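Each remark here refers to the structure printed beneath this line.
The values are calculated or read from the model by the stated rules, or taken from the named source; none is laboratory data. Note that the structure is predicted; figures quoted are calculated from it, not measured. All Cβ positions, glycine included, derive from the backbone under ideal geometry; neighbour counts span all protein chains shown. Please note that ligands, DNA and RNA were not included when accessible areas were found on the heavy atoms of the full protein model with its side chains. Shrake-Rupley method; radii C 1.70, N 1.55, O 1.52, S 1.80 Å.
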Number of protein chains: 2
Amino acid sequence: MIDKAFAQVIRELRLSLALSQEALAHEVGIHRTYVSQLERGLKSPSLKTIFKISKALNVSIAEMMRLTEMQLAEDS
Amino acid sequence: MIDKAFAQVIRELRLSLALSQEALAHEVGIHRTYVSQLERGLKSPSLKTIFKISKALNVSIAEMMRLTEMQLAEDS
């Protein structure tokens, strides 16, 4: 579902920037284990957190969501 | 901030469909008071909830976020 699709998008964007989970977590101001949970689709982040992640990954939320919805369509 | 911008977007989309807060709440499966809180920017919805709201409002999440980021730019 949507959290799984978003999980893959975060992970791919993070890796494309050669950031570790640790570095992303630090940038966003969340715990590394939370990044790990997000990347496994185990948590549904709040809009506030999504916004901070988008800043850290240097993309708009709209673009992250476009990729997420594409991923969701692929998954189903 | 981002929740305030999203608040305005939900409200405008809901009104453009001539839906009451009650009707939107029912459609999404959340309480009317939660819709009211979202529309005042008092809560930061989870991605799961944003997804359900986008379905109910018949737009993509990407489009909602494009509008939200435009609103945010206007606000600041």
Query - Positions within segment B:1-22 being free of Cβ contacts under 8 Å to residues at least 60 places away in the same chain and assigned to a loop (DSSP other than H, G, I, E, B), in sequence order - result: B:LEU17, B:ALA18, B:LEU19, B:SER20
Report summary line: Those residues of segment B:64-76 which are more than 10 Å from every other protein chain (Cβ to nearest Cβ) and either buried (at least 20 other Cβ atoms within 10 Å of the Cβ) or not in a helix (DSSP H, G or I) (or both) amount to B:SER76
Report summary line: Given the conditions (1) in contact (Cβ under 8 Å) with a residue 12 or more places away in the chain; (2) away from chain B (no Cβ under 13 Å); (3) closer than 21 Å to B:ILE2 by Cα; (4) crowded, with 19+ Cβ neighbours inside 10 Å, every one holds for A:ALA25 apart from (1)
Query raised in the report: What is the number of the single condition among (1) more than 26 Å from A:LEU72 (Cα to Cα); (2) open to solvent by 40 Å² or more (accessible area, probe 1.4 Å); (3) acidic (Asp, Glu) that B:GLU39 does not meet?
Result: (2)
Requested in this report: Might you check whether a residue that is within 14 Å of another protein chain (Cβ to nearest Cβ), touching a strand residue (DSSP E or B) at 6+ places or on another chain (Cβ under 7 Å) and either without any contact (Cβ under 8 Å) to a residue 24 or more places away in the chain or of a type outside the set (Lys, Arg) (or both) occurs anywhere in segment B:31-44?
Outcome: yes
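Do we find a residue being at pLDDT below 95 and hydrophobic (A, V, I, L, M, F, W, C) anywhere in segment B:1-20? It would help to see each step written out before you state the result.
Filtering segment B:1-20 down to residues at pLDDT below 95 leaves B:1.
Still in the list and also hydrophobic (A, V, I, L, M, F, W, C): B:1.
There is at least one residue in segment B:1-20 that is at pLDDT below 95 and hydrophobic (A, V, I, L, M, F, W, C).
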Query raised in the report: For segment B:1-22, what are the residues that are open to solvent by less than 60 Å² (accessible area, probe 1.4 Å) and either aromatic (Phe, Trp, Tyr) or within 14 Å of another protein chain (Cβ to nearest Cβ) (or both)?
Result: B:ILE2, B:ASP3, B:ALA5, B:PHE6, B:ALA7, B:VAL9, B:ILE10
Report task. Just need a number here: residues in segment A:23-44 that are in contact with an Asp or Glu (Cβ under 8 Å, 6 or more places away or on another chain) and not in a helix (DSSP H, G or I). Result -> 4
Query - Residue match in segment A:49-63 (condition: in contact with a helix residue (DSSP H, G or I) (Cβ under 7 Å, 6 or more places away or on another chain), away from chain B (no Cβ under 14 Å), open to solvent by 20 Å² or more (accessible area, probe 1.4 Å) and not in a helix (DSSP H, G or I)) - result: no
Query raised in the report: For segment B:28-76, what are the residues that are under 15 Å from A:ILE2 (Cα atoms) and not hydrophobic (A, V, I, L, M, F, W, C)?
Result: B:PRO45, B:SER46, B:LYS48, B:THR49, B:LYS52, B:SER54, B:LYS55, B:SER60
